[in-house]
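The values are calculated or read from the model by the stated rules, or taken from the named source; none is laboratory data. A quick note: this is a predicted structure, and the numbers were derived from the prediction, not measured. Backbone-built Cβ (ideal geometry, glycine too); neighbour counts: all protein chains shown.
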Amino acid sequence: MNPSLSLYENVFSNLTSLMLKDIPVVPPDSVIHTFSHLKPSQVYLILTQDMDNVAHTSFILRNTEAIPVATGRPKDSWAQYFLDAWFDPLYRAYAFQKAENHALEHIIQWHPTILAKLAVVDQRLLNSYNYESQQSEAESTIDVPSRQHDSKWQPGDLVINFKGCVEAEERVCEKEMEQYYKIWEETVAGLDGNGAAGKI
């Protein structure tokens, strides 16, 4: 939605203040928490959460340059390891209720090698939805304070996600996307000098 947004300026250079530290990895009450002492240089995976889950549809994964074997230093293939683990047939055949989403939640909670390189940031930074989040049914039945969660897309946000649109028969994805596509077209036209810049 915002092709002029710099990931370096808006995410990477501010990661120290953006990381949500010592929070439940899976909301609202996972016993496993994000690390409180993690430094940006140690982060390889940046995720967001919505009201119910780790949001797996928009994330940043560091794909570090492989170190040549001739240097004698080990090749850094953490990104490849992470993707291999996430899509391992063992997990894919495990019949998680929400498929790859629950598989991801499992490995980031129970595999310290992954948790130690994970940063969670506010949802709208990387993964805005086209609707406001409501407190989940599960959350209303447990003894945790009611949370406010800012998920709805606002002008200037990087990404808009139409979560659940394809699966919901009562929703028409093309209709939901129409207004945002027009905004995106105007934004791109402004960047190209073919329209009024700065409309959002």
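For segment 1-12, enumerate the residues that are part of a helix (DSSP H, G or I) and surrounded by 14 or more Cβ atoms within 10 Å (Cβ to Cβ). Working first, answer last.
Step one: list which residues in segment 1-12 are part of a helix (DSSP H, G or I), which gives 7-10, 12.
10, 12, listed by residue number.
For the residues 138, 95, 119, 85, the requirement of being at pLDDT 85 or above, over 15 Å from the mean Cα position of the chain (by Cα), among the small types (Gly, Ala, Ser) and more than 16 Å from residue 161 (Cβ to Cβ) singles out 85. Residue selection: residue 133 fails the criterion of being in contact with a strand residue (DSSP E or B) (Cβ under 6 Å, 6 or more places away or on another chain), at pLDDT below 95 and of a type in the set (Gly, Ala, Ser).
In segment 13-25, how many residues are in a loop (DSSP other than H, G, I, E, B) and surrounded by fewer than 19 Cβ atoms within 10 Å (Cβ to Cβ)? Step through it out loud before you land on a result.
Quick first cut of segment 13-25, residues in a loop (DSSP other than H, G, I, E, B) only: 19-23, 25.
If we keep only those that are surrounded by fewer than 19 Cβ atoms within 10 Å (Cβ to Cβ) as well, we get 20-23.
Total meeting the criteria: 4.
Scanning segment 42-65 for residues that are part of a loop (DSSP other than H, G, I, E, B), at pLDDT below 95 and buried (at least 18 other Cβ atoms within 10 Å of the Cβ) yields 50, 51, 52. Residues in segment 141-155 include none that are surrounded by 14 or more Cβ atoms within 10 Å (Cβ to Cβ), more than 30 Å from residue 175 (Cβ to Cβ) and at pLDDT 90 or above. For segment 26-41, a tally of residues being loosely packed, with under 13 Cβ neighbours inside 10 Å and within 18 Å of residue 116 (Cα to Cα) returns 5.
Listed residues 159, 172; which is touching a helix residue (DSSP H, G or I) at 6+ places or on another chain (Cβ under 7 Å) and either within 18 Å of residue 125 (Cβ to Cβ) or at pLDDT 90 or above (or both)? I'd like the intermediate steps shown before the answer.
Numbers: 172 fails: touching a helix residue (DSSP H, G or I) at 6+ places or on another chain (Cβ under 7 Å).
Answer to the check: 159.
Among the residues here, residue 73 qualifies as more than 22 Å from residue 100 (Cβ to Cβ) and either β-branched (Val, Ile, Thr) or modelled with pLDDT under 95 (or both).
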